[in-house]
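Structure record follows, encoded as C-alpha cells.
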Amino acid sequence: MKIENEHNQSMILSDKSLQVQKMFDKISRKYDFLNRLLSAGQDIRWRNYMIKKLPKIENKSGTLYDIACGTGDVLFSTANLRNDYISLTGFDISSGMLEQAKTRGKSKYTQIQFVQASAESIPANSNSADAVTISFGFRNVDQREKALQEFHRILKPSGTLFILEFFPSKNSFMSKLFDFYFKKILPKIAGIFSDKSAYEYLPNSVSTMPDGNEFKNTLADIGFIEIEQKCWLAGATRLFKAVKKS
C-alpha cells in the first residue's frame, strides 16, 4: 500500500508493515503506560544505558536518528542526558505513535523532529547521522536486511548503529520464564487496559529474531565493524553496537 507522509514523500508498506502500523496506531495512547507497567521500568534503564553509550561528539553538534521512535522515549532522554547531540529526529510508520510523541514534546523539546517513515526507506541524506538507534522496534520490521542497509547508508563514516531488542534466550530456564510471562501473563494484563491482540503479537514476534551470533554476522556482511553486544536477562534482551567503516 502506498501512502503519503507529512513531508509528502511516498511510503510504500508491505502487508505486514501495514498491519504493524494499524496495531500501533490502535495502542498508541496506552503504549507508554503499559511499557512501564509490563517491564517494571527496565525498558527505561536499558534505553538510558544505550544513550550513554552514544559516541561522544567533540563539537557538540551531533545528529541522531531514532528509528521506530514510537512516542519519543529515546529522543527525549537523549535531549536530557546528552548535550553533544543537537539534531534529533524520530522516524516511525505509525501516525498515532508520532502524534503522542509530538504531544509529549511540544512544550519542552521543540528541537526534536518527528517524521512518518518506514525503517526500510528513511527520508534522510546518506552519510548524515553520527548515530542511529532503534529500540524494541527491529523485530517489527518486515524487510530487516534492507533496513540494516538503510541504517548503514544514512550513517556517517565511523558513525554508530545501536539496536536494542528482545532475542530468543539460550538459557532454557530464562527462556521458559520469559516465554511464560510474555505469552501468558503480559497479554492478560495489557488486555485490561489496551488491545489484547497487540500484546499477543508482540511476544510472538520475539521468536522471529535470529540467534545473536547470526545477527552479528548479518551486520558484518552489510559492512559494519567493531560489532559488540551487551546482554541482559540471559540474552533475552540485547544491545548491539556496530560502527560504519570509515
- Within region 39-60, can you find the residues that are over 20 Å from Phe240 (Cβ atoms) and either surrounded by 15 or more Cβ atoms within 10 Å (Cβ to Cβ) or of a type in the set (Ser, Thr, Tyr) (or both)? Ile57
- Going through (1) in contact (Cβ under 8 Å) with a residue 60 or more places away in the chain; (2) within 23 Å of Ser107 (Cβ to Cβ); (3) aliphatic (A, V, I, L, M) one by one, Ile44 fails only at (1)
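To keep it simple, each residue is scored yes or no on (1) at pLDDT 85 or above; (2) of a type outside the set (Phe, Trp, Tyr); (3) under 28 Å from Lys30 (Cβ atoms).
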{"site": "Thr133", "(1), (2), (3)": "yes, yes, yes"}
{"site": "Ile154", "(1), (2), (3)": "yes, yes, no"}
{"site": "Phe178", "(1), (2), (3)": "no, no, yes"}
{"site": "Ala190", "(1), (2), (3)": "no, yes, yes"}
{"site": "Ser197", "(1), (2), (3)": "no, yes, yes"}
{"site": "Asn204", "(1), (2), (3)": "no, yes, yes"}
{"site": "Met209", "(1), (2), (3)": "yes, yes, yes"}
- Task: Exactly one condition in (1) over 23 Å from Lys16 (Cα atoms); (2) assigned to a helix (DSSP H, G or I); (3) at pLDDT 95 or above is not met by Arg104; state its number.
- Result: (3)
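Here's the yes/no breakdown for (1) out of contact with any Pro (no Cβ under 8 Å at 6 or more places or on another chain); (2) over 24 Å from Leu18 (Cα atoms):
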site: Lys196; (1), (2): no, no
site: Glu200; (1), (2): no, no
site: Ala220; (1), (2): yes, yes
site: Ala236; (1), (2): no, yes
- Filter result for the condition that a residue is crowded, with 20+ Cβ neighbours inside 10 Å, over 18 Å from Leu161 (Cα atoms) and either touching a residue at least 40 places away in the same chain (Cβ under 8 Å) or among the hydroxyl-bearing types (Ser, Thr, Tyr) (or both), over Thr89, Thr78, Thr71, Thr63: Thr71
- Task: Filter region 219-246 down to the residues that are free of Cβ contacts under 8 Å to residues at least 60 places away in the same chain and in a helix (DSSP H, G or I), then identify the one that is surrounded by the fewest Cβ atoms within 10 Å (Cβ to Cβ).
- Result: Asp221
- With Lys60, Lys52 as the choices, which residue is closer than 21 Å to Ala129 by Cβ and in contact with a Phe, Trp or Tyr (Cβ under 9 Å, 6 or more places away or on another chain)? Lys60
- Note on the structure: Here, helices (runs of 4 or more DSSP H) confined to region 153-218 with at least 2 residues that are of a type in the set (Phe, Trp, Tyr) and surrounded by fewer than 18 Cβ atoms within 10 Å (Cβ to Cβ) are 172-180
- What is the residue count in region 101-134 for residues that are buried (at least 16 other Cβ atoms within 10 Å of the Cβ), more than 18 Å from Tyr85 (Cα to Cα) and touching a Lys or Arg at 6+ places or on another chain (Cβ under 7 Å)? 1
- Task: From the list Glu150, Glu145, Glu165, pick out the single residue that is of a type outside the set (Ser, Thr, Tyr), free of Cβ contacts under 8 Å to residues at least 60 places away in the same chain and within 27 Å of Thr78 (Cα to Cα).
- Result: Glu150
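The values are calculated or read from the model by the stated rules, or taken from the named source; none is laboratory data. All values reported here derive from a predicted model rather than from experimental measurement. Ideal geometry is used to build each Cβ from the backbone, glycine not excepted, and the neighbour counts take in all protein chains shown.
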